[in-house]
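K.L.:
Below you'll find the structure I mean.
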Amino acid sequence: VQLQASGGGLVQAGGSLRLSCAVSGSMFSINVMGWYRQAPGKQRELVVNISRGGSTNVADSVKGRFTISRDDAKSTVYLQMNSLKSEDTAIYYCNAVIYGRGNYWGQGTQVTVSS
């Protein structure tokens, strides 16, 4: 499985961005897709993930602001980020989990929120 993240950039506080994660091949075998982020000097943390069945886990810090969605027909997962804050500044990584096979990562896309 190969993941290609895109959509990062520089945005002012209060603005929005949508990240995309394109998955090579079919998403049928993927059990969970998610977005993680890593800010300078901090550990990588889960932002939000979504199971094949549509269940989501959302970090408290982004609840009500970030939304994950998946389009299996396009083999793409999206992260809609609204009301961005300076503390959302980080490199955002796309992640895929296939039970019994492994954990896959995209290359990361930088999100910078200016205050």
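K.L.:
What whole-number value in Å² describes the accessible area per residue of the chain for a 1.4 Å probe?
P.N.:
Numbers: 5980 Å² over 115 residues.
Each residue of the chain exposes 52 Å² on average to a 1.4 Å probe.
K.L.:
Still on this structure, I have one more. Do me a favour and compute the ellipsoid semi-axes for the chain from its Cα gyration tensor, root of five times each eigenvalue, largest one first, whole Å. Kindly include the intermediate steps, with their values, before the conclusion.
P.N.:
Working: eigenvalues 108, 36, 34 Å².
Semi-axes, largest first: 23, 13, 13 Å.
K.L.:
With all protein chains present, calculate the accessible area of Arg70 using a 1.4 Å probe and round the result to the nearest 10 Å².
P.N.:
About 50 Å², rounded to the nearest 10.
K.L.:
Now a separate question. Taking the Cβ of Leu10 as the center, what net charge do the other residues with Cβ under 15 Å away carry, scoring Lys and Arg +1 and Asp and Glu -1?
P.N.:
Working: positive: Arg18, Lys85; negative: Asp88.
Neighbour charge sum, excluding Leu10 itself: +1.
K.L.:
Normalised by the number of residues in the chain, what is the relative contact order in percent for Cα pairs under 8 Å and 6+ residues apart? Mind showing how you got there, number by number?
P.N.:
Details: 282 pairs, mean separation 42.9, N = 115.
Worked out over the chain, it gives 37 percent.
K.L.:
With a sphere of radius 13 Å drawn around the Cβ of Ser29, what net charge do the other residues whose Cβ falls strictly inside it have (Lys, Arg +1; Asp, Glu -1)? Provide the component values of the computation, followed by the final result.
P.N.:
Numbers: positive: Arg52, Arg101; negative: Asp72.
Net local charge, Ser29 excluded: +1.
K.L.:
Distance in nm between label sites at Ser24 and Arg44, each 7 Å beyond Cα in the beta-carbon direction?
P.N.:
1.8 nm
K.L.:
Continuing with this model, one more query. When Lys and Arg each count +1 and Asp and Glu each count -1, what net charge do the other residues less than 10 Å away from Gln38, Cβ to Cβ, add up to? Walk me through the numbers before you get to the answer.
P.N.:
Numbers: positive: Arg37, Lys42, Arg44; negative: Glu45.
Counting the neighbours of Gln38, the net charge comes to +2.
K.L.:
Another question about this same structure. Just how much of Trp105 is accessible, in Å², when a 1.4 Å probe is used and the result is rounded to the nearest 10?
P.N.:
About 100 Å², ignoring ligands and nucleic acids.
K.L.:
Given the C-alpha centroids of the stretch 76-110 and the stretch 24-49, what is the distance between them in whole angstrom?
P.N.:
4 Å
K.L.:
If ligands, DNA and RNA are left out, what is the accessible area of Ser114 with a 1.4 Å probe, given in Å² to the nearest 10?
P.N.:
40 Å²
K.L.:
Another question, then. Ignoring ligands, DNA and RNA, what percent of the accessible area of the chain is carbon or sulfur (1.4 Å)? Kindly include the intermediate steps, with their values, before the conclusion.
P.N.:
Details: 2810 of 5980 Å².
Using a 1.4 Å probe with all protein chains present, the chain comes out at 47 percent carbon and sulfur.
The values are calculated or read from the model by the stated rules, or taken from the named source; none is laboratory data. Here the structure is a predicted model, which is why all the values come from computation and not from measurement. No Cβ is skipped: glycine too gets one built from the backbone with ideal geometry, and neighbour counts run over all protein chains shown. For the accessible areas, the whole protein counts, side chains as well, though only heavy atoms, and no ligand, DNA or RNA atoms are used. Shrake-Rupley method; radii C 1.70, N 1.55, O 1.52, S 1.80 Å.
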